[in-house]
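Since the structure comes first, as structure tokens, the remarks are kept for the end.
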Amino acid sequence: MKPAAIEAFFATLHAANPHPVTELEYTSVFELLTAVLLSAQATDVGVNKATRKLFPVANTPQKILALGLEGLEGYIKTIGLYHSKAKHLMQTCQMLVERHGGEVPRTREALEALPGVGRKTANVVLNVAFGQPTMAVDTHIFRVSNRTGLAPGKTPLAVEQQLLKRVPPAYAVDSHHWLILLGRYVCMARKPMCHQCAVSAYCDFKPKTTG
């Protein structure tokens, strides 16, 4: 995808959705971190169902720790891999209390030191909570970036690095939301809906689907 097409691609996405937000539900940075940690290999819808019950009871590191491991598992057992996620979340809460005064740190290094928090999770928190122009490359962004020619790469990290170079600065903070939504609802894995896609004119994918 050429620079002029990239500019038009994002200008179109911006015009359609000027203020995109994550579909995970949260009211604090800690709730966001928890939701993203729980969302690995799970849907946002499934995570939201669980956290709607969990967060009114426990929405700080201290309150999660007070639940205990079994108590926490009771709230998140509908989410895939809940055993390991509960363990990681408990360990993360312990570290937040001991090292960060119960607050979520603002640096990648400190975030990635938390159990269960990898590069993608750190990128989501840095972007959504702290407004940094990071790229959290999930399966949707990986697919869209390669299929459209926006930022081809063989690994999520390669795609992330390409996106950081190629996305115009004006769209950098919101771009990962637009790409996730595009991949989730339009540029889907099995059959992209090119005939309903607002940015198909700028995309390198051939042949376009027609319905």
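The values are calculated or read from the model by the stated rules, or taken from the named source; none is laboratory data. This one's a predicted model, so the numbers in the text were calculated from it and none came from an experiment. Cβ sites come from the backbone with ideal geometry, for glycine too, and all protein chains shown count toward neighbours. We work out accessible area using only protein heavy atoms, side chains counted, and drop any ligands, DNA or RNA first. Shrake-Rupley method; radii C 1.70, N 1.55, O 1.52, S 1.80 Å.
The set of residues in the range 139-190 that are over 14 Å from the mean Cα position of the chain (by Cα), within 16 Å of Ala11 (Cα to Cα) and not hydrophobic (A, V, I, L, M, F, W, C) comprises Thr148, Arg166, Pro168, Pro169, Tyr171.
If you go through the range 68-79 and keep only what is surrounded by 15 or more Cβ atoms within 10 Å (Cβ to Cβ) and in contact with a Gly (Cβ under 8 Å, 6 or more places away or on another chain), you end up with just Ile79.
If the condition is being among the hydroxyl-bearing types (Ser, Thr, Tyr) and buried (at least 20 other Cβ atoms within 10 Å of the Cβ), then the range 27-58 contributes Thr34, Ser39, Thr51. What do you reckon, is Ala129 touching a helix residue (DSSP H, G or I) at 6+ places or on another chain (Cβ under 6 Å), open to solvent by less than 30 Å² (accessible area, probe 1.4 Å), of a type in the set (Gly, Ala, Ser) and within 30 Å of Pro61 (Cα to Cα)? Against the criterion (touching a helix residue (DSSP H, G or I) at 6+ places or on another chain (Cβ under 6 Å), open to solvent by less than 30 Å² (accessible area, probe 1.4 Å), of a type in the set (Gly, Ala, Ser) and within 30 Å of Pro61 (Cα to Cα)), Ala129 does not qualify. Scanning the range 101-126 for residues that are closer than 21 Å to Tyr82 by Cα and in a helix (DSSP H, G or I) yields Leu111, Glu112, Arg119, Lys120, Thr121, Ala122, Val124, Val125. Of everything in the range 132-160, what is of a type in the set (D, E, K, R) and either buried (at least 23 other Cβ atoms within 10 Å of the Cβ) or touching a residue at least 12 places away in the same chain (Cβ under 8 Å) (or both)? Give them in sequence order. Correct list: Asp138, Arg143, Arg147, Glu160.
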